[in-house]
Amino acid sequence: MEKAPINWTNMLLFSLTPALALILVPAYGYFYGYDLYEWMVFVLLMGFCGMSITAGYHRLWSHKAYKAHPLIRIIFALGGACALQNDILSWASGHRRHHQFVDNNDRDPYSASRGFWFSHIGWILRNYKSGEEDYSNVKDLMKDPIVVWQRKHYLSLLLIMNIGLPAFLGFVHGDIIAGILLGGLLRLVLSQHVTYLINSIAHMWGHQPYSENSSAKDNAILAFFTYGEGYHNYHHTFQWDYRNGIHWWHFDPTKWMISLLSFAGLTRDLKRCNPAQIEKARLELQYLKATEKCERFDIPESWRLRLETEYEQLLQTLQLWTEHRQAWYEAKGKQLQESLNSLDQLQLKHGYKEVQYRLKTQKQRWQHLLRDLAQPHPQLN
């Protein structure tokens, strides 16, 4: 690995703040203690910083997965300064390069191919060539007055948000030092490393249900610590989606917040990937793995033909389901305008439900086929 020049500002910041947190936070707690209010300040500021990065820096500005009211953008800009992970423009530029050149050691700013340490924090501590600033990919953000304002006043904002705000919250409660130690120092260290877990662990541990074109993995456990960012294989496959966890049971508080804000008119144009497109990506990967196994273990040709037939039929039904689904949703819209008669509505609904059932049956048959293939000595039924 190249020995790039040390970035002494970052080296000191990321060395001293954890060391001070390890010493001062428990020492003050031992001698003076922390109460519920001070721990609540810590938790709320953790969430404020974390969600400003995930919902703001990441899904709003880097990927433009939705649009937000200026008030929300200002809040995210302040929270991003509190997180101390650089200004919006620099963060988004680096993140867009990460997606464009993922796992390319020469061009991905925090390539996981260079190991855990590099992708987690090493890329920040030295001035690597892969991390050189190039704002040609964020010209759209240069037109955002809030992005420009935050960049211009970033130093003042980070001091206000990391020292002034925790000190004020501590002063209100009668303990400025406790406010700075928990709401400032400890929160800063933990919130930064929570974000960096996505660059490191989410590219190393987990599974890949949608694509193997990058090292990005889905990790449900990590999602609990990163405000829903743990579904990283999905995100790298469908990066324009405002969701990372697409199912209702997926823990993705960032998604929930963006959705709730839309009901209040504070977010809009929330982008969602078509369900058929998601399912097609999953099926393609499953088919690819199955055919590779057939070739690797010299499984009889009859298996390959069965796989190909089932796969093609499933794709055809999926396409048919997509068409019926679109027609049904369009019909429901027309129904509101009272331009569709009852018979047409029933026919469309019946057709949609019929294809939906057929798709469900074929998916069950496909999964059964894959399970049989996973056996040591697969046998065709």
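Where a number appears in this text, it was derived from the coordinates with a stated rule and is not lab data. Not measured: the values here are computed from a predicted model. Here Cβ is always computed from backbone atoms with ideal geometry, including for glycine, and neighbour counts include all displayed protein chains.
Would you pull out the residues with amide H under 5 Å of TYR231's amide H, same chain only if 5 or more places away, H placed 1.01 Å from N?
ASN219
Of HIS63, PHE101, ALA83, whose Cα points farthest to the positive end of the dipole of the chain (charges on the beta-carbon: +1 Lys, Arg; -1 Asp, Glu; origin at the Cα centre)?
Going by the charge dipole, the pick is HIS63.
Treat every Asp and Glu Cβ in the chain as -1 and every Lys and Arg Cβ as +1, leave all other atoms uncharged, and give the resulting dipole magnitude about the Cα centre to the nearest 20 debye.
It comes to approximately 480 debye.
Using the Cβ atoms and a cut-off under 11 Å, what net charge is assigned to the surroundings of LYS363, where Lys and Arg are +1 and Asp and Glu are -1?
+2
If you keep only loop residues by DSSP, which chymotrypsin sites (Phe, Trp or Tyr not before Pro) in segment 32-120 have at most 12 other Cβ atoms within 10 Å of their Cβ?
Loop-located and lightly packed - TYR32.
Cβ under 11 Å from SER111's Cβ, SER111 left aside: what net charge do those residues give with Lys, Arg +1 and Asp, Glu -1?
0
Students often forget the sequence filter, so: which lysines lie under 24 Å Cα-Cα from LYS139 once same-chain residues fewer than 8 apart are removed?
Answer for LYS139, where 24 Å is the Cα cut-off: LYS64, LYS67, LYS129, LYS152, LYS271, listed by chain and number.
Checking the a/c ratio against 1.5 first, then a/b against b/c, what shape does the Cα gyration tensor give for the chain?
Prolate, because a/c is 1.5 or more and a/b exceeds b/c.
Given VAL43, ASN274, HIS324, which one lies farthest toward the positive end of the charge dipole of the chain, if we put +1 on the Cβ of every Lys and Arg and -1 on the Cβ of every Asp and Glu?
Positive-most Cα among the choices belongs to HIS324.
What is the sum of charges, Lys and Arg at +1 and Asp and Glu at -1, for the other residues whose Cβ falls under 11 Å from the Cβ of ASN233?
0
Normalised by the number of residues in the chain, what is the relative contact order in percent for Cα pairs under 8 Å and 6+ residues apart?
Relative CO of the chain lands at 15 percent.
When a footprinting reagent is the concern and you count Cβ atoms within 10 Å, what order do HIS120, HIS247, HIS232, HIS193 take, fewest first?
In order of increasing Cβ crowding within 10 Å: HIS247, HIS193, HIS120, HIS232.
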